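Read through the structure below, which is laid out as structure tokens, and then see the notes.
The values are calculated or read from the model by the stated rules, or taken from the named source; none is laboratory data. This one's a predicted model, so the numbers in the text were calculated from it and none came from an experiment. Reconstructed Cβ throughout: ideal geometry from the backbone, glycine too, with neighbour counts over all protein chains shown. Heads up: the accessible areas ignore ligands, DNA and RNA and are worked out on the full protein's heavy atoms, side chains in. Shrake-Rupley method; radii C 1.70, N 1.55, O 1.52, S 1.80 Å.
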Amino acid sequence: MQSFDEQTVLLIMMSVMLDLLIGDPKWLPHPVIFFGKVISNIERAWNKGDRKKLKGIMLAAYLPFSVFIISLFLLKLLYAISHLLGMAIEIYLISMTIAIKGLRDAAMEVYHPLKSGDLAEARKKLGYIVGRDTDKLPSSEVVRGTVETVAENTVDAIISPLFFAIIGGAPLALAYRAVNTLDSMVGYKNERFIDFGFGSARLDDLLNLIPARICAGCMWTGSFFIKKMRRIHALSVTKRDAAKHPSPNGGWPEAMTAGLLGIQLGGVNIYGGIVSERARLGDPLEPLTFIHIKRAILILNSAWILFLTGYLILFGLGRQ
């Protein structure tokens, strides 16, 4: 199987190492920025008049398919010129689809001012990574927003792109990130996007279906290497609350994280002054404090390490 050959394993491991080393430096071109510009231009042109849902479905099919074909053709050309060149570019492209360092650093930028008592700065930093209004949040809600972001993006920004990179290399990982970017830009249930974003949201749900559940399993298994995790409680919380999340997938990592930490996620969010009530996940066995941000990062790290460990074990079994 291609997913378990030596080159694929090398590509995956080197991509993770590159992400951990440099993250997403602003001086390097990032494919998600390109996806965003394409989506914005097409949305302005297509999201009007009749048949918005059909146009949105066409965009949801067109963008990831085009990304897959173009990147596949480009890599085949580069590999034909030089195998090492092809591998180097593919490693770079896969690393740009994952964000272990970026997610961890963004969370820590909220953690540090919270720990030092600078709530205004913590609110500002949280506003960079969430869509909700943050300017009036108490410290506990700043923690909740950060932990929710870490938990949910463990799937979107780490496990899912790695899952698709293992199956189809950089082309499939990039296609996934195109869908994920579509969902983050047009997959909203508001007046502007309820029809146009339908196809993007449903496709993103479909692609994350398996990775989200794998992620929750990796979080739970990895928690055996972290002190003071509530593992039995986490299983019951995930079983009880995962389906309450508005996303069919987001509830799995969030409920698992809430259960392991003994905290409650979800509640009231405000977007542009509009109040939104989100189902509560977990039980408030502990009050939310800045320390839970660091512990959520430990869960994040345990999840991707266990995921890659499982992949390497399967690779070894596949060689026998």
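Selection of segment 100-114 for residues being out of contact with any helix residue (DSSP H, G or I) (no Cβ under 7 Å at 6 or more places or on another chain) and either under 24 Å from Met13 (Cβ atoms) or of a type in the set (A, V, I, L, M, F, W, C) (or both) yields Gly102, Asp105, Ala106, Met108. Within the bounds of segment 262-273, is there any residue that is at pLDDT 95 or above, among the aliphatic types (A, V, I, L, M) and either within 22 Å of Ala106 (Cα to Cα) or open to solvent by less than 10 Å² (accessible area, probe 1.4 Å) (or both)? Yes, the conditions are met somewhere in segment 262-273.
Taking the condition open to solvent by 20 Å² or more (accessible area, probe 1.4 Å), closer than 29 Å to Asp105 by Cβ and free of Cβ contacts under 8 Å to residues at least 12 places away in the same chain, does Phe34 pass? Judged against the criteria, Phe34 is a match. How about segment 177-222: which of its residues are in contact with a Phe, Trp or Tyr (Cβ under 7 Å, 6 or more places away or on another chain) and hydroxyl-bearing (Ser, Thr, Tyr)? Listed by number, the list holds a single entry, Thr181. Hey, any hits in segment 118-127 for a residue that's modelled with pLDDT of 95 or more, under 27 Å from Met14 (Cβ atoms) and open to solvent by less than 50 Å² (accessible area, probe 1.4 Å)? Looking through segment 118-127, none of the residues is modelled with pLDDT of 95 or more, under 27 Å from Met14 (Cβ atoms) and open to solvent by less than 50 Å² (accessible area, probe 1.4 Å).
Against the numbered list (1) in contact with an Asp or Glu (Cβ under 6 Å, 6 or more places away or on another chain); (2) part of a helix (DSSP H, G or I); (3) open to solvent by 10 Å² or more (accessible area, probe 1.4 Å), Ser200 comes up short only at (3). Scanning segment 128-141 for residues that are part of a helix (DSSP H, G or I) and within 19 Å of the chain's Cα centre (by Cα) yields a total of 0.
When each of Glu254, Glu277, Glu286 is tested for being open to solvent by less than 30 Å² (accessible area, probe 1.4 Å) and charged (D, E, K, R), the lone residue that passes is Glu254. Condition (residue is surrounded by fewer than 23 Cβ atoms within 10 Å (Cβ to Cβ) and in a helix (DSSP H, G or I)) applied to segment 186-196: is it met by at least one residue? Checked against the condition, which is being surrounded by fewer than 23 Cβ atoms within 10 Å (Cβ to Cβ) and in a helix (DSSP H, G or I), segment 186-196 yields no hits at all. Taking segment 214-232 as the range and being touching a residue at least 60 places away in the same chain (Cβ under 8 Å), under 19 Å from the mean Cα position of the chain (by Cα) and open to solvent by less than 10 Å² (accessible area, probe 1.4 Å) as the test, the residues that pass are Cys215, Met219, Gly222. Determine if segment 138-148 includes at least one residue that is polar (S, T, N, Q) and surrounded by 21 or more Cβ atoms within 10 Å (Cβ to Cβ). Within segment 138-148 (the criterion being polar (S, T, N, Q) and surrounded by 21 or more Cβ atoms within 10 Å (Cβ to Cβ)), the answer is yes, since at least one residue qualifies. For segment 61-116, filtering for residues that are small (Gly, Ala, Ser) and either open to solvent by less than 20 Å² (accessible area, probe 1.4 Å) or under 30 Å from Ile291 (Cα atoms) (or both) leaves 8.
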